[in-house]
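Asks: This structure is in structure tokens; I'll ask about it shortly.
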Amino acid sequence: MAPYQLTTEQVNEYRNQGHTCLTNGLPAGLLSKLQQCADELEARALEAHNQGQSLSSACIVPDPVGERLMRFNDIHLYHAELALELLASPPLMAIARQLCGQGAVPLQMDILYKHQHPHPVVQWHQDAPHPRSHPYVNAGVYLDDAPAGDGCLRCVPGTQHEPVDIDHLSEKYGWEVPGMLEIPAKAGDILVHDVMILHGSQPKRSPGVRRTLYIEFRPFTAITESQSQSDFWTGLRKQWMAQVLEKTDSINWPDDWKQDYPSATSDNQALMQMLIDNREPSIPSIWNINPVISDNYPVPEDMQDW
């Protein structure tokens, strides 16, 4: 029996263009569980906020229509077994195996909540600038539809190789940077992109919330060589991946790669708590240095009076 595989076209698209999509990649049952998880976390965050309690994983913003959840980090702490089930699923294992490669480890698992405008706009940026000697992979698991023209992902293929002048591009082109692609998605799709590709998204026009769960992978040797985090922090991610390999079908990971990881622990929840208790700063993203505001950027002209 062969493992789930990305097609040659998907692998080449990712390596050459900096992005690819696994259409309907997530099993329906797992998608439903993650949607329920996102609902529960949103309710928990708003309840805690309304009671004046601090919830470090939740980012709630004071939108004109009321306070709304923008981001919930560290869902692997709150739903440890579900997070493990997602990471161990065949499509996520294929992404880690084929795009990240030997030594791959998960770094983080967060949900971004995108509400109808007015709501903070994700402007053009590049994540985790690095020397390009190792793959840094970001997988976006879509829990809701993201139609074209409604604030779906925009990216500029070819920009993943080095930092770009975001101020200049934003001032000159706004959202219409030459070569820009708008990439719609359906619930259950998995959009994968190189973390350094220039990307962002316009405001959401339609009512309701759109949830996207983001997982970043990179080889643990990349972390060690960059010294972006400590050896202890890296070791915890190797332990997390060992948990994933214990959970997944053995065909999903080459046998000779398994020796890169320690033995799985019997207490996954305790490991997740250690990940949270030993946080270290991530590599800062690159954004525009100065505020860039024009007739159509970051908010399109027809939405500025909403």
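Every read-out reported here was derived from the displayed coordinates using simple, explicitly stated rules and does not represent laboratory data. As the structure is a prediction and not an experimental result, all values here were calculated from the model. Methodologically, a virtual Cβ is constructed for each residue, glycine included, from the backbone with ideal geometry; neighbour enumeration extends over all protein chains shown.
Asks: Compute the separation of the alpha-carbon centres of the stretch 241-265 and the stretch 40-60 and state it in Å as a whole number.
Replies: Cα centres, the stretch 241-265 to the stretch 40-60: 35 Å.
Asks: Under the rule of -39500 (n - 2.57) per DSSP H run of 4 or more residues, summed and divided by the residues of the chain, what mean residue ellipticity at 222 nm is obtained, to the nearest 500 deg cm²/dmol? If you can, show how the numbers build up before the last one.
Replies: On the way: 9 runs with 93 residues, N = 306.
So the calculated ellipticity at 222 nm is -9000 deg cm²/dmol.
Asks: Between the stretch 136-179 and the stretch 1-32, how many Å separate their Cα centres?
Replies: For the stretch 136-179 versus the stretch 1-32, the Cα centre distance is 19 Å.
Asks: Hey, got the dipole for the stretch 203-306? About the Cα centre, +1 on K and R Cβ, -1 on D and E Cβ, debye to the nearest 20? Can you show the working numbers first?
Replies: Working: 10 positive and 15 negative charges, 47 e Å.
Magnitude of the dipole: close to 220 debye.
Asks: Identify the trypsin sites (Lys or Arg not before Pro) of the stretch 98-164 meeting these criteria: DSSP loop state and at most 10 other C-beta atoms within 10 Å of the C-beta. Don't skip to the end; give the middle numbers.
Replies: On the way: sites: Lys114, Arg132, Arg154; in loops: Arg132.
Listed in order of number, the matching sites amount to none.
Asks: What length, rounded to one decimal in nm, is gained on full extension from Trp287 through to Ser133, with 0.36 nm per residue of separation minus their alpha-carbon distance?
Replies: 53.2 nm
Asks: Just how large is the dipole of the chain about the Cα centre, in debye to the nearest 20, putting +1 at every Lys and Arg Cβ and -1 at every Asp and Glu Cβ? List each step's numbers first, then the result.
Replies: Details: 21 positive and 39 negative charges, 69 e Å.
Using Cβ point charges on Lys, Arg, Asp and Glu, the chain gives about 340 debye.
Asks: For Asn16 and Thr221, calculate 0.36 nm times their separation in residues minus their Cα-Cα distance, and state this gained length in nm to one decimal.
Replies: Values: separation 205, 0.36 × 205 = 73.80 nm, distance 2.27 nm.
Working it through step by step, the gained length comes to 71.5 nm.
Asks: Could you check the spin-label model distance between Asp39 and Asp277? Points 7 Å from the Cα along Cα→Cβ, value in nm.
Replies: 3.4 nm
Asks: Given the pairs Lys186/Lys258; Lys114/Lys258; Lys114/Lys247; Lys172/Lys204, which are separated by over 26 angstrom at their Cα positions? Kindly include the intermediate steps, with their values, before the conclusion.
Replies: Numbers: Lys186/Lys258 33 Å; Lys114/Lys258 37 Å; Lys114/Lys247 31 Å; Lys172/Lys204 23 Å.
Flagged as over cut-off: Lys186/Lys258; Lys114/Lys258; Lys114/Lys247.
Asks: Is the C-alpha gyration tensor of the stretch 8-218 telling us rounded, prolate or oblate? Criteria: a/c under 1.5 is rounded; beyond that, a/b larger than b/c is prolate, otherwise oblate.
Replies: Working: a/c = 1.66, a/b = 1.16, b/c = 1.44.
Note, shape of the stretch 8-218 comes out oblate.
Asks: What nm distance separates the two modelled labels at Tyr173 and Asn24, each placed 7 Å from Cα along Cα→Cβ?
Replies: Simple spin-label model gives 3.4 nm for this pair.
Asks: Taking 0.36 nm per intervening residue step and subtracting the Cα-Cα distance, what contour gain separates Gln259 from Arg205 on full extension? Show your work: numbers first, answer last.
Replies: Working: separation 54, 0.36 × 54 = 19.44 nm, distance 4.86 nm.
Taking 0.36 nm per residue and subtracting the Cα distance, the gain is 14.6 nm.
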